[in-house]
Structures are given as structure tokens and as C-alpha cells.
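A.B. asks: Can you read through this structure? Questions will come right after.
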Amino acid sequence: MNRVAITGLGIYSCIGKNREAVRDSLYKGQSGIIFDPVRKEFGYRSALTGFVDRPELKGVLDRRARLMLPEQGEYAYMATSEAFAQAGIDQDYINAHEIGILYGNDSSAKPVIDAIDLIRLKKDTTLVGSGSVFQTMNSTVTMNLATIFRLKGVNFTISAACASGSHAIGLGYHFIRTGLQDCIVTGGAQEINYLSMGNFDALSAFSIREGEPTKASRPFDRDRDGLIPSGGAATVILENWDTAKKRGANILGEVIGYGFSSNGEHISNPTVEGPVRSLQKAIRESGILPSEIDYVNAHATSTPAGDASEARALAQVFGERAVPVSSTKSMTGHECWMAGASEIVYCMLMMESGFMAPNINFENPDEDSAKLDIIQSAREKNIGVFLSNSFGFGGTNSSLIVRKTA
């Protein structure tokens, strides 16, 4: 089995549009949550959201490429460009090698709604334009990035709710580990527009702490009242360790474990047993002991039931207060399809800079979170190994373990 190296990271999120800005926000515990009046006027129960400006790509990409890209595709292009640059992979290298792409995405709502609204109004399908279909498809990110960067390897989208980005990295890890590919662009993207989250708002799943947007996301806190939607994109370049070393790449870390499971029960209610199986599988595959994991980035989204079940799962696998834990969603909100990838980037930035980011807004534990060592302010730490959890609707679970390079 091949070793799997991480050689490039890219991030475009509500707490920063590049690695440096994001690292600073993580250390400071800076939130990217805002109140969006457009959502309130539209009829949302909660107007809270993570927010990031759309990039200006005129002059960067040609008009045809821009017409094909939906919002989340633009974010993914920015993150992937940054990741390729850090990995030292230019277009000449891409042209000469078989590089694949596995990216998490589970919706492209706005292009679909815009197209149907126009057809309904004009009674003419031809008016939506030739680029519309490529924006509407769930595989929009992988098809666009594969075309823009001229990638010639594996190319498909992972659609697994809020674990999409994590499973994309996990599958990329297995493709490289088993020798099917030498280099894969992995990651996750999430649209932020107000049309994309109405169905979720209808579930009363979002926090309504609208008077204090930056304090609304409260993973593990006793007084949490729901998640805050967010988005952007994150890219992680995975490579065969030997190939990366041969080309002189700077290896940032090594993926050593990927665990997965399905709860097999309720479509939206979480369980403890499913996450436990995912965690245990990742740890078994990594070949290390739970006590060797220095930090856990929790999935915890700030929902009452979800955070409680994860806290129980972590206590069961690691023991009570045995490992430092935080949820970066306290700052970013829930980045949904992107979250499993962005949280790997966040953890890598912490590992690189020697700190563990805080779980902001954690003021009062409940009976479950009291059993965990929740990080309340940035904690200096030489992180040698971290674990990141991602769970999603339908009971899909993913756990990734990454080790620092010597």
C-alpha cells in the first residue's frame, strides 16, 4: 500500500479567502457569521449565515469558463488554484501527468431555480443559455475544474450530505493508497446564496439568535439552539508519497486513516453507534492508539441532538476528557458539503502553526459535553496527529486521521 501525502491546501471561506487569513481567524477565534436581511425578507425563520464575497474572475478565466461556473464552482476554482500553487504543480506538470479530481458537492440550487423561473416566465427553454445545464448539475464542480485545469485522471463528484468533502478526501486516499492514481485534487464546495437553504430553514434547524450573529453558533454549549449555514470551498491535494518526494514537493502531512459508516436508522436523527464505528475504523486503519491523537476537530454543528450524540461517541472511543476537542463551526457556521474538506484545511493550518483553535461561544457545558476537554481559547500545541469527524443526513459518517511529517 502506498503512503498518501498532502502537498497543497486551498481555502475560500467566511473566515478568510486564503490560508494566511484563515489561520489568523482560527487563532483569534474570529467568527464569519452575519445577519442577512435578504433571507429575512424572503421568509426565512433565521437570517443568519456565513458570508464570503464571490471572486472576480473576469480577466482570470475566459468568458466561456465563467459561464459554466456556478457560485460554488467559483469558490472551488479559487481554492484549487491556491492549493496547486502551494503544491508546486503548474499547468505544464498537469499536462504531462494523470491528475484526478474527487470533490464533494450535494446541491446547485440557484442555477436550477433561475433557469426554471426564466422558462416559466418566457415559455422558451432556449433563453437559459448554453452554460446553464453545466451549472445546474450536481457534478458541476468536478466537470468544470477538470475542464479548466485539463485534468486527465479520475473525475467524479461525491454527494454525501454534510460528509461529502470528507468522503472525497477519504476516497482519494484509497485511490492513491491502492495505486490507482498518483495525484488527486480532493475537496468540497458549498453555495451560500439564499435560495440554497430554504428547505433546511423549514426544518427549524437553524439558530434564531439573530441579535448576536457571531455568538449564535455554539457547538457543545448547553444553550445552543441550532446551526448556521455557511459555505465556500476547500481543496486538498493528495499525492503518492514517493512520487511527491521524487518531484521535490514539500509534504505537509500524511493521511493515515479513513473510517466510514452508516447509521442505518432515522434519515435525520443522529445516533451514537454509527459515529463510534466510523471513529474506530479510522483508528484501526491508522495503526495508532487513540491516546496518540493530539486533537479532534468535531463535526458538532450546534444542534441539540447532534452535538450530544457526538460527545457521547467521543467519550466512548477516547475516554472522558482524554483528548482536546473543538468545533471550528463555532466560527464558520456549518459549511455543509464543504465542511469535511475545509476542516481538514483548518486542522492542517493549526498543525503547521502549533495551536488548537477554540470552540468559541462555549460557556456552559451540558451533561454530555462536560465529559470532553473542550478548547475555549486558542491553545498552543505541537499537533502530531489529528482526527476530523463529518456526519450527514441519511446517517453517513466519515472520520479522517492525518499525521504531521517529521
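Read-outs: derived from the displayed coordinates by stated rules, not from any lab. Remember, predicted model here, so these are calculated numbers, not experimental data. So basically every Cβ, Gly included, is an ideal-geometry build from the backbone, and we count neighbours across all protein chains shown.
A.B. asks: Cut-off is 10 Å between beta-carbons; in what order do L349, L387 appear when sorted fewest neighbours first? Working shown, then result.
C.D. replies: Values: L349 23, L387 28.
Fewest-to-most ranking of L349, L387: L349, L387.
A.B. asks: Another question about this same structure. Rounded to two decimals, what ratio of Rg to Rh does the stretch 205-354 give with C-alpha atoms and a Kirkwood Rh?
C.D. replies: Numbers: Rg = 16.7 Å, Rh = 16.9 Å.
With Rh from the inverse mean 1/r over Cα pairs, Rg/Rh is 0.99.
A.B. asks: Can I ask one more? Tell me the mean residue ellipticity at 222 nm calculated for the chain from its helices only (DSSP H runs of n ≥ 4, each -39500 (n - 2.57), averaged over every residue, nearest 500). Could the numbers behind the result be given before it?
C.D. replies: Details: 15 runs with 146 residues, N = 406.
After summing the helix terms and dividing by residue count, I get -10500 deg cm²/dmol.
A.B. asks: Hey, another quick one. Using the number of other C-beta atoms within 10 angstrom as an exposure proxy, rank L67, L102 with the fewest first.
C.D. replies: Details: L67 14, L102 26.
Ordered from fewest to most neighbouring Cβ atoms within 10 Å, L67, L102 come out as L67, L102.
A.B. asks: Output the pairs from K110/K215; K329/K371; K28/K329; K28/K281; K381/K404 with a Cα-Cα distance over 22 Å in this structure; if there are none, say none.
C.D. replies: Working: K110/K215 28 Å; K329/K371 20 Å; K28/K329 14 Å; K28/K281 33 Å; K381/K404 13 Å.
Over 22 Å Cα-Cα: K110/K215; K28/K281.
A.B. asks: Here's another thing I want to ask about it. Just flag the trypsin sites (Lys or Arg not before Pro) in the stretch 97-169 sitting in loop per DSSP whose Cβ has no more than 16 other Cβ atoms within 10 Å.
C.D. replies: On the way: sites: R120, K122, K123, R150, K152; in loops: K123, R150, K152.
Answer by residue number: K123, R150, K152.
A.B. asks: Tell me, what are the semi-axes, in whole angstrom and largest first, of the equivalent ellipsoid of the stretch 1-53 as set by the roots of 5 times the Cα gyration tensor eigenvalues? Please report the intermediate quantities before stating the final value.
C.D. replies: Values: eigenvalues 206, 44, 16 Å².
The answer is 32, 15, 9 Å, longest axis first.
A.B. asks: A further question follows. Post the alpha-carbon centroid distance, the stretch 69-107 to the stretch 324-344, in whole angstrom.
C.D. replies: 21 Å
A.B. asks: Compute the label zone of L180 within the stretch 125-164: residues whose backbone N is under 11 Å from the point 7 Å along Cα-to-Cβ.
C.D. replies: In the stretch 125-164, the label zone of L180 (backbone N under 11 Å from the point 7 Å along Cα→Cβ) covers 154-156.
A.B. asks: Sorted from fewest to most neighbouring beta carbons within 10 Å, what does the list H97, H167 look like? Please list the in-between numbers first.
C.D. replies: Numbers: H97 15, H167 27.
Placing the least packed residue first, the sequence is H97, H167.
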